[in-house]
1. Under a 5 Å amide H to amide H cut-off, with H placed in plane at 1.01 Å, what residues pair with B:SER44 once short-range neighbours are removed?
2. Could the peptides A:251-261, B:88-98 be put in order, highest first, of the mean number of other beta-carbon atoms found within 10 Å of their residues?
3. Return the FRET efficiency for the residue pair A:ASP37, A:GLU116: r is the Cβ-Cβ distance, R0 is 41 Å, and the value is rounded to the nearest 0.05.
4. Using a Gaussian network for chain A with springs between C-alpha atoms less than 10 Å apart, which of these wobbles most: A:ALA164, A:ALA134, A:ALA396?
5. Quick check: convex hull of the Cα atoms in segment A:94-167, volume per residue, rounded to a whole Å³?
6. Points 7 angstrom from Cα along the Cβ direction at B:ASP180 and A:SER273: gap in nanometres?
7. Can you work out ³J(HN,Hα) from phi for every residue in segment A:218-232, in order, using Karplus 6.51 cos²θ - 1.76 cosθ + 1.60 and θ = phi - 60°, giving whole Hz and x for Gly and Pro?
8. Expressed as a whole number of Å, what is the distance separating the alpha-carbon centroids of segment B:96-136 and segment B:2-59?
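No value in this document is a laboratory result; all are computed from the given coordinates. On a predicted model such as this, the values are computed, not experimentally measured, just so you know. Virtual Cβ from ideal backbone geometry, glycine too; neighbours counted across all protein chains shown.
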Amino acid sequence: MSLRNLVIAGAVTGLMGSAAWADCGPSGQSIRILASDFPAIHAVAGTAEAMCAGAAAEFTRNHTTEAREIMNAALTPNPAEYTSVIVANSTLTQLMNDGLVRPLNDYVEKYGAHLEPHQMITIDGNVMAVAFMANSQHLFSRSDILEKAGVSGIPSTYEEVLAAAEKIRAAGIMEHPLVMNMKVGWNVGEVFNMIYLAHGGEFFQPGSAAPAINNEKAIAALSIMRSLAEYAHPDHLTQASNETQGLWEAGQAALGIMWGSRGGVILDDEGSSEEVTSNTVLSGAPTVAGGSIPAATLWWDGITIATNVGDAEAEATFAALVSAMTPEMVAEHNDDAVWLIDGFKPGPAAAGVAATATGGAMSYPMIPYIGLMHNALGAELVDFLKGAEGAEQAIADVEAAYVTAAKEAGFLN
Amino acid sequence: MPNRTFFWFILPTLTTMILFIALPIVSVFIQSLHIEHEQVILVSESCDPFGCTETTSVDTEATEKLRREQPLGRFNGLGTYINRSHLAFEEVREAWGATDTMGAFFSRILNLPFYKALAFTLTYTFVVTPFVLVLGLAIAVGINNLPKLVKGPTIFVSLLPMIVTPLVGSLILFWMVDGDGIIGATLQRIYDDNALSLKASPALTWIMLIVYGVWHILPFSFIVFYAGLQTVPRETLESAMIDGATKWQRIIHVIVPHLMPIVIFVTLILLMDNFRVFEPIVGFSAEAHAQSLSWIIFKDLRESANPLYSSAGATSMMTILGVAILLTPVLIRTWRDFRRRSP
């Protein structure tokens, strides 16, 4: 990975070099970033390093897929291990629950003139994070196979997805034309979230941690999931993004609900055949049950600044990271992500996320106890999907598991 | 040995055992008796690139104050042990009252996470352990009778499953049983069923995990038995031969009784190891069909954004208790033998 970083940093330095001038805030500070590990985040953090490492006494980046597991422990001591963590909806909540990130209002005023208002993640008027990219799950279709099976157009509702899957199966083209990230745990919980929100469902009673999922919308969402599972690869309960992407690139699926961030990787000329890439169409997440809300949760990735670090360090870190959020950086890395930054030109790889967002999909809820609910869903829905229990029982199990966990975590009494 | 000398002999061992084994267990136990503070919730508004919504957040200052007053959290007694995620007393009582047949009762009990995990853990332990004992002895006897030239290489090859890291070993097998993998594809061809998947069926997943468990731990019992075989007295064997004992009779009446202390030792270790089965479940992504007590601890600590320390602590304590219960019969037997031999 370090070689890759060098190449990116080198390219960026070569491009901007002395031409670009960035306000890096207080000089001689230590900037330490913890982030997940995918190209868009490398682009932002790498550009920040190229722009501001010279002015800083120290500039380190730790890119790890385990960031979420270590972030709370790393930011708790004073001084914290990192001055900034790059987070998403759910991980911001995780840090805020423990009060580990600081409000950014003053920094935004001082260094954020070039940022867009929609990039600000505000909670009760305080900017807690600055987002730079969006992501969501949405529909991937193989136009050639749909055509061969006699399906006209790209499905836009889950009912149409199911009908199309049945036609493909009936035509003998594929027995299991659908791929979805349904791996037990977080992934299967997320599938429920998407379809439940599209039914207009709520997770909690307003203003409290009491669950509100025991209703017909949840039952309806489960019945859609069961129908989808019928057409999904037999191993769907073990499949997450890497597996579904693999099946897609191998040409073994015609319809997929996958992450937008995989779009660029699927459409590029690596790991797949011309037949697959040229016929893959990315479109918005389907709606369901006659509703108008796309069945997806919208995600953003953004920067935060740790509470437990010196003020000058915090300021320098913020200045360095937002100095990377420029049209030049976006132009350089246009297809790496669906950027929320000025200058982004949506390509085919961004079409799905853009359509899902403009279609009015919900954000993944930033609620302190959503992690516990998500966990309960991920664990307790499996028996239903396997056909071992009914939908009512599954929802009752989720509710009971959530209440038990929420009591232990202090959210419920 | 005078008591004084014995005390000084044992002191270093005792100190490290208390420091690194006893104290952590005590700390986990204390943790399991407490739950988190009440979290002070505020209603607030959050805005992101996709719009604004009313939401809630934690009042960190107020919560921090509570935390400082009682650093351990709220005392909950054995509450965590008997809640739905663990022994689920209330749910069990309810199920008992609401069902007529034993079958219906058990199917409701097995819907509870702890009992579901316990069912797999016990099945795994009680199937893998005897298999490994018998097969291990068989391989040891077999190799012991090989000509000297091939003995060394055979021993080395037989040890390989143990050398491979459990997680890596299970991942390798996981890919092999995939529909596109060599084993999965072959099975599909044999049964002429393209939808056949070892990962999709609960029964096949259990069998796969158990086979993997036997494969992985077999070298341990084999190598210990093989070492034991080198100590079987030649005289006894020879006199058994003179008495006209067949090969089979010699194994049953001479070798096995001689190896009995080793068999007990291996059984102890196997029971302990198998009861803590964990890596294969992660490696095989088998959570949908098979969960173990150790996997529940892992899930409590990792899956949610708020690690549930007391849940994890409670399950850990019950795992230790479970191991203790499993080992009791074996230990009692050893103690009796010991008493009989030294009157």
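1. B:THR55, B:THR56, B:SER57
2. Values: A:251-261: 24.3, B:88-98: 13.6.
For the peptides A:251-261, B:88-98, the packing ranking is A:251-261, B:88-98.
3. Working: r = 26 Å, r/R0 = 0.63.
Calculated transfer efficiency: 0.95.
4. Comparing A:ALA164, A:ALA134, A:ALA396 in the GNM, the peak value goes to A:ALA396.
5. Details: hull volume 11.9 nm³, N = 74.
Hull volume over Cα atoms, normalised by residue count, gives 161 Å³.
6. 1.2 nm
7. With coefficients 6.51, -1.76 and 1.60, one gets 5, 4, 5, 4, 5, 5, 5, 4, 5, 4, 5, 4, 4, 9, 7 Hz.
8. 30 Å
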